[in-house]
1. List the helices (runs of 4 or more DSSP H) inside the stretch 90-143, counting only whole elements, that have at least 3 residues being within 23 Å of the chain's Cα centre (by Cα) and farther than 24 Å from residue 54 by Cβ.
2. Under 7 Å by Cβ, and 6 or more places apart or on different chains, what pairs join a residue from the stretch 43-54 that is without any contact (Cβ under 8 Å) to a residue 60 or more places away in the chain with one that is in a loop (DSSP other than H, G, I, E, B) and hydrophobic (A, V, I, L, M, F, W, C)?
3. Considering every residue within the stretch 168-189, establish whether at least one is closer than 30 Å to residue 354 by Cβ and open to solvent by 60 Å² or more (accessible area, probe 1.4 Å).
4. Across the stretch 335-352, what is the number of residues that are surrounded by fewer than 17 Cβ atoms within 10 Å (Cβ to Cβ) and part of a helix (DSSP H, G or I)?
5. Please pick out the residue among 142, 120, 155 that is acidic (Asp, Glu), open to solvent by 60 Å² or more (accessible area, probe 1.4 Å) and either under 24 Å from residue 32 (Cα atoms) or at pLDDT 95 or above (or both).
6. Just to be sure, is residue 192 at negative phi, without any contact (Cβ under 8 Å) to a residue 60 or more places away in the chain and among the hydroxyl-bearing types (Ser, Thr, Tyr)?
7. Kindly evaluate residue 334 against the criterion of being farther than 24 Å from residue 145 by Cβ and touching a Lys or Arg at 6+ places or on another chain (Cβ under 8 Å).
Amino acid sequence: MRILFDGNLNPLPKSGIERYFTMLAKNLPTSTSLATSNRSHTGVLRIGPHCVDQPPLPAFRPRRLSGFLNALAWSAHRFDLVHLMNYGPSQFASHLLRNGTPLVLTVHDLIHEIRGAPPDLLDRTARQRNYDRANVILCVSDYTRKDLQEHYDVDRNKLHVVFHGSSLEVPSIIPKDLENCPPYFLHVGPRSGYKNFSPLLPVIKNVLGQKPDIQFRLVGPSIDKALLASLRDLGIEAAVVEERRVDDIRLAALYFKSIALLHPSLHEGFGIPLLEAMSCATVPIALKCTSIPEVLGESGILVPQEEFQEGFEHAMLKLIENSSYRNELVQCCLERANLFSWNRAAKETLTAYGKAID
């Protein structure tokens, strides 16, 4: 099977979407032949066991010209299917689709439709067109599948739920600065908008009032002026440690050494940090909403939205004060994490590819 991933593949992914496609590609069998429509590496592009074909020219401006030249250079190439990585197909992928090549696409979430987005980020007509011409649509959770059916006219028979895996595991090496640091809670990812981080700040203040030696470590964007002002106003700035963006080795160690992952998000299509935390033997505390119960199951701690402040505070304090309770939850989390893997995701995706081609 020869597959065109329509976009960038990156052996060192920098975003959640890049990680998703990179891990899928890495775990597909060597009997599959992979290519990418955008040349992002000057040398040979290796993803796991695969040597991935790239078009001859890197993207340059005007993009339409570089896209046209690459499509022309690859006009004789044949592919069994196109897996769309972005909201719209590239020039070369469009050429393939016009000539009847099957299309597969992945829906990660419908946050723009549900939470609102600037008009230039949400073209419903273009998205509906993609769903209409797709042979198979992969959804990363059952919640996302239901959202898609609610907001668009989609053939149910095209839809296949394929969960993410985790590329992290319990670390064998802990960085020295984390070996003997104070106990801490962890937050991973963006903090604005529906990620709902601000309501967590009074909870942190209350927990610190009872457990002043606790730290709170933040992985993700730099702390901006507004958040810094809030931390100072609440008198909790000194307890917050800014990790910024870290590599996977340090991220796994940060999960493993934390008391728990704090995940106050109001909306997730899947929620990769939840699975990463469980894979690295720590407990997620999250709101009981959207896809989150699908990921956590009976593991972790789910807080009803109407009990946000008292629910998070109670869970955090209980995990600090009751080590046996936390240890039991950690074992549940590890068992739950074993149900998800990129290998399984790749196998199920390969089955869906077969249905697209049939």
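The values are calculated or read from the model by the stated rules, or taken from the named source; none is laboratory data. Here the structure is a predicted model, which is why all the values come from computation and not from measurement. Neighbour counts run over all protein chains shown; Cβ positions are idealised from the backbone, glycine included. Accessible surface is based on the protein model in full, side chains and every heavy atom, while ligands, DNA and RNA are left aside. Shrake-Rupley method; radii C 1.70, N 1.55, O 1.52, S 1.80 Å.
1. So the answer is 111-115, 124-133.
2. Taking only residues 6 or more apart or on different chains, the pairs are 45/9; 47/9; 51/44; 52/9.
3. Step one: of the stretch 168-189, the residues closer than 30 Å to residue 354 by Cβ are 168-169.
Within this subset, residues satisfying the condition of being open to solvent by 60 Å² or more (accessible area, probe 1.4 Å) are 169.
Yes.
4. Initially, the stretch 335-352 is screened for residues surrounded by fewer than 17 Cβ atoms within 10 Å (Cβ to Cβ), giving 335, 338-339, 343-344, 347-348, 351.
Those still in the list that are part of a helix (DSSP H, G or I) too: 335, 343-344, 347-348, 351.
Number of matching residues: 6.
5. Values: 142 fails: open to solvent by 60 Å² or more (accessible area, probe 1.4 Å); 120 fails: either under 24 Å from residue 32 (Cα atoms) or at pLDDT 95 or above (or both).
Of the residues listed, the single one that is acidic (Asp, Glu), open to solvent by 60 Å² or more (accessible area, probe 1.4 Å) and either under 24 Å from residue 32 (Cα atoms) or at pLDDT 95 or above (or both) is 155.
6. When the stated conditions are applied, residue 192 passes them.
7. Taking the combined requirement at face value, the residue does not satisfy it.
Matching residues to (1) among the basic types (Lys, Arg); (2) within 20 Å of the chain's Cα centre (by Cα):
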position	(1), (2)
297	no, yes
303	no, no
311	no, no
326	yes, no
329	no, no
335	no, no
353	no, no
